[in-house]
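This report refers to the structure that appears directly beneath it.
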Amino acid sequence: NEQGLNKEKAGQLQAAVDLYRKAVDMQPDYAEAWFNLGNVYGKMQRFSDAMNCLNNAIRYKGDYVEALSGRGIANASLGKTDQAIKDLTAAIRVNPDYAVAYLNRALVYLNTGKRDLACSDLRKAVQLGYSAAYPILQNECDGRK
């Protein structure tokens, strides 16, 4: 898993996939390795593969906030917006201070025309200190905090 992280950081995504695969082959219930593998597949635009890996991460660690949020992104990328909202909402339920999930849910809301809900989530992400949400909040919600 550590070697996979290093390869991923170096931009060697296929090498990272191979190492993460080796990690989950050696220890099938290694939730973090499944999560990392899912993230790399997401970076490679292989969203169905990402979904399978994130499902495994969640199966082995049910309250895995980052994996729930990642699965939400994968679902949104596959056009499954209702399931994306459910996953992101589940991540927020597990950790109400996880600002990334608010931002990601806001983006799904924006893409489905639910601006009021998106602005509420963007405000929450900014309130939690996630600065990447601020320009989107300004642009999409008239700059009102």
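Under 7 Å by Cβ, and 6 or more places apart or on different chains, what pairs join a residue from the stretch 21-33 that is touching a residue at least 24 places away in the same chain (Cβ under 8 Å) and under 14 Å from L54 (Cβ atoms) with one that is in a helix (DSSP H, G or I) and open to solvent by 70 Å² or more (accessible area, probe 1.4 Å)?
Within 7 Å, the pairs are A31/Y60.
Restricting the search to the stretch 1-32, which residues are touching a Gly at 6+ places or on another chain (Cβ under 7 Å) and within 20 Å of A74 (Cα to Cα)?
Start the filter on the stretch 1-32 by keeping residues that are touching a Gly at 6+ places or on another chain (Cβ under 7 Å), which leaves 16, 19-20, 23.
Correct list: A16, Y20.
Which condition does I92 not pass, out of (1) under 14 Å from the mean Cα position of the chain (by Cα); (2) open to solvent by 40 Å² or more (accessible area, probe 1.4 Å), if it passes all the others?
Failed condition: (2).
What is the residue count in the stretch 8-30 for residues that are assigned to a helix (DSSP H, G or I) and surrounded by fewer than 19 Cβ atoms within 10 Å (Cβ to Cβ)?
9
Can you say whether A76 is in a helix (DSSP H, G or I) and within 27 Å of S131 (Cα to Cα), as far as the supplied structure shows?
Details: in a helix (DSSP H, G or I): yes; within 27 Å of S131 (Cα to Cα): yes.
Taking the combined requirement at face value, the residue satisfies it.
Here's the yes/no breakdown for (1) crowded, with 21+ Cβ neighbours inside 10 Å; (2) of a type in the set (F, W, Y); (3) within 15 Å of the chain's Cα centre (by Cα):
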{"site": "A76", "(1), (2), (3)": "yes, no, yes"}
{"site": "L103", "(1), (2), (3)": "yes, no, yes"}
{"site": "V108", "(1), (2), (3)": "yes, no, yes"}
{"site": "T112", "(1), (2), (3)": "no, no, no"}
{"site": "A118", "(1), (2), (3)": "yes, no, no"}
{"site": "L122", "(1), (2), (3)": "yes, no, no"}
{"site": "G129", "(1), (2), (3)": "no, no, no"}
{"site": "I136", "(1), (2), (3)": "no, no, no"}
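If you check N39, N52, which single one turns out to be in a helix (DSSP H, G or I) and open to solvent by 60 Å² or more (accessible area, probe 1.4 Å)?
N52
I need every pair where a residue in the stretch 48-73 that is free of Cβ contacts under 8 Å to residues at least 12 places away in the same chain has its Cβ under 7 Å from the Cβ of a residue that is of a type in the set (S, T, Y) and open to solvent by less than 70 Å² (accessible area, probe 1.4 Å), sequence separation at least 6 or different chains.
Close Cβ pairs (under 7 Å, with a partner that is of a type in the set (S, T, Y) and open to solvent by less than 70 Å² (accessible area, probe 1.4 Å)) amount to D49/Y41.
With respect to D82, is the statement that it is open to solvent by 40 Å² or more (accessible area, probe 1.4 Å), closer than 21 Å to L54 by Cα, assigned to a helix (DSSP H, G or I) and at pLDDT 95 or above true?
Considered against the rule, which asks whether it is open to solvent by 40 Å² or more (accessible area, probe 1.4 Å), closer than 21 Å to L54 by Cα, assigned to a helix (DSSP H, G or I) and at pLDDT 95 or above, D82 comes out as yes.
The values are calculated or read from the model by the stated rules, or taken from the named source; none is laboratory data. This structure is a prediction, so every number in the text was calculated from the model and none was measured. Don't worry about glycine lacking a Cβ; one is built from the backbone with ideal geometry, like all the others, and counts go over all protein chains shown. The accessibility values were calculated without ligands, DNA or RNA, using every heavy atom of the protein model including side chains. Shrake-Rupley method; radii C 1.70, N 1.55, O 1.52, S 1.80 Å.
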